[in-house]
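Report on the structure given below.
We did not get these values from a lab; they are worked out from the coordinates using the rules stated. What you are looking at is a predicted structure, and each value in this text was computed from that prediction instead of being measured. Here the Cβ is made from the backbone with ideal geometry for all residues, glycine too, and neighbour counts use every protein chain on show.
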Amino acid sequence: MKPKVCVIRTDGTNCDRETKRAFDLVGGNSEIVHINSLREKYDSVTQREVSLDDYHILAIPGGFSKGDYIRAGKSFAQDLRKYLGEEVQQFIDDGKLVIGICNGFQVLVQAGFLPGNSEEQTVTLTYNDSQRFEDRWVRLKSYNDTCIWTKGVNDIEMPVAHGEGKFVADESTIKDLFEQGQVVYQYADQEGNPTMKFPDNPNGSYSSIAGICDKTGRILGLMPHPERYNHPRNHPLASLQEILGRDYIDLSHPCVADRLKRSGDLPHEGLGLQIFRNGIDYVVENLL
């Protein structure tokens with residue numbers, strides 16, 4: 001039996017297929033399910049009954065749910081709490097896993113499932129300091145290894161694509177998040193140190209926070225997109241290496257040699273897949 005993943009979507013979700021593929025590539029059995037189908041307990045497309053209880057992992061993907069009406073993730077979060085709040089709570093209490101990526105992270109914090117498990121929102125993700133949509137690759141530094149999803153995924157590069165990704169909370173809350181091991185990733189500079197400088201920190205997040213988890217380590221929210229790094233060629237250096245590797249390129253030229261050295265060797269798979277593999281492995285070891 002494969003771990004079952006519910007990739008929940010609503011109007012405006014647009015990263016559901018990539019998220020499903022990432023889980024499927026590492027051994028999951030993923031299904032894209034509209035929130036209305038979970039509300040009604042019936043999927044009119046597949047003409048079958050559906051329930052959140054049928055799954056081991058709940059994934060809330062990126063996109064612009066409900067057109068970012070009011071603010072990013074707010075309407076989706078309200079629907080999740082109003083119509084599925086008790087089911088999601090039971091899902092969590094049963095020891096199952098939840099991941100929210102980009103817009104999904106926004107949904108989780110506004111629904112109160114992160115950083116604690118409360119209907120009261122304690123942190124937020126707001127407009128980037130640049131006041132514009134930021135679409136770029138960033139370097140992430142792992143702050144701890146307590147999150148189930150990110151074990152072994154330490155310093156890594158991933159793409160971001162958001163207009164409202166600035167993590168904001170009061171000093172006391174941020175202090176608690178660090179002390180309780182709930183800060184998972186921070187934006188880092190080229191030397192791997194947490195930074196507040198743009199563009200390495202693409203949004204101005206307080207304390208450079210890019211992702212957090214709950215106290216159990218089973219609920220993860222992050223702004224970068226691991227599902228968009230599911231193949232080595234997704235990384236921007238892949239094209240650079242291909243160009244520099246052509247037979248008419250003078251590899252002895254100092255500029256070319258320097259670029260090749262800095263680009264390093266590409267991994268055998270997209271490094272973002274390990275996050276999804278960790279979730280699947282946890283289900284196999286603990287829930288099946």
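Using the alpha-carbon atoms, what tilt in degrees (0 to 90, nearest 10) does helix 254-263 show relative to the longest principal axis of the chain? Once rounded, one gets 20 degrees.
Close amide H pairs (under 5 Å, H built 1.01 Å from N) link THR13 with PHE64, LYS66, residues at least 5 positions away or on another chain.
Using all pairs of distinct alpha-carbon atoms, the Kirkwood hydrodynamic radius of the stretch 63-107 works out to 11.0 angstrom. Between MET1 and TYR69, the modelled label-to-label distance comes to 3.9 nm, taking each label 7 Å out from Cα in the direction of the beta carbon. Modelled spin-label separation between GLN47 and GLN121, with each label point placed 7 Å from Cα along the Cα-to-Cβ direction: 4.1 nm. Normalised by 2.2 N^0.38 Å, where N counts its residues, the alpha-carbon radius of gyration of the chain equals 1.02. Normalised by residue count, the stretch 80-158 yields a Cα convex hull volume of 123 Å³ per residue. Approximating the spin labels as points 7 Å out from Cα along Cα→Cβ, the GLU171-to-ILE243 distance works out to 4.7 nm.
With q set to 0.14 Å⁻¹, the log10 of I(q)/I(0) for the stretch 1-140, from the Debye formula over equal scatterers at the Cα positions, is -0.65. Helical runs (DSSP H, four residues minimum) scored at -39500 (n - 2.57) apiece and divided by the length of the chain put the mean residue ellipticity at 222 nm at -9000 deg cm²/dmol. Each Cα pair under 8 Å and six or more residues apart adds its sequence gap; the mean of these over the residue count of the chain is a relative contact order of 18 percent.
Hull volume per residue, based on the alpha-carbon atoms of the stretch 190-234 and their convex hull, is 119 Å³. Separation of the alpha carbons by more than 25 angstrom is noted, of LYS74/LYS197; LYS166/LYS215; LYS66/LYS175; LYS151/LYS197; LYS82/LYS151; LYS4/LYS175, for LYS74/LYS197; LYS66/LYS175; LYS151/LYS197; LYS82/LYS151; LYS4/LYS175.
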